[in-house]
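S.K.: Have a look at this one.
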Amino acid sequence: EAFNVGSGEQVSIATLAEHVRNAIDPEIEIVHTGPRSGDVRASCADISKAEAELGYEPTRDIETGIGSLVQWKRRLPVNRG
């Protein structure tokens, strides 16, 4: 059975880009372009099923989660294969 997990809060693509940029290098310029067909402008995970059936509760916000992801990725060995 599938469960949707996330923060349960809506996050725009622009906000997501800012969090990623800030975690990697705050000096990076974010370049905005027009939307393409099929682009998702914002996303919000419906976590109600996971909350009800699993007792799921988010423990991190998107900014903290992205920061942790970037730190974890930087610790991985580089695959040159």
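The values are calculated or read from the model by the stated rules, or taken from the named source; none is laboratory data. What you see is a predicted model, and the numbers here were worked out from it, not measured in a lab. Reconstructed Cβ throughout: ideal geometry from the backbone, glycine too, with neighbour counts over all protein chains shown.
S.K.: Under the condition of being of a type in the set (Gly, Ala, Ser), outside any strand (DSSP E or B) and surrounded by 10 or more Cβ atoms within 10 Å (Cβ to Cβ), which residue from region 8-42 is modelled with the lowest pLDDT? Explain how you work it out, then say what you get.
M.R.: Initial filter on region 8-42 (of a type in the set (Gly, Ala, Ser)): 8, 12, 14, 17, 23, 34, 37-38, 42.
Narrowing the set further to residues that are outside any strand (DSSP E or B) leaves 8, 14, 17, 23, 34, 37-38.
Narrowing the set further to residues that are surrounded by 10 or more Cβ atoms within 10 Å (Cβ to Cβ) leaves 8, 14, 17, 23.
Working: Gly8: 84, Ala14: 87, Ala17: 93, Ala23: 96.
Filtering first and then ranking leaves Gly8.
S.K.: Please verify whether Glu57 is modelled with pLDDT under 90 and out of contact with any strand residue (DSSP E or B) (no Cβ under 8 Å at 6 or more places or on another chain), treating the condition exactly as stated.
M.R.: No; evaluated as a whole, the condition is false for this residue.
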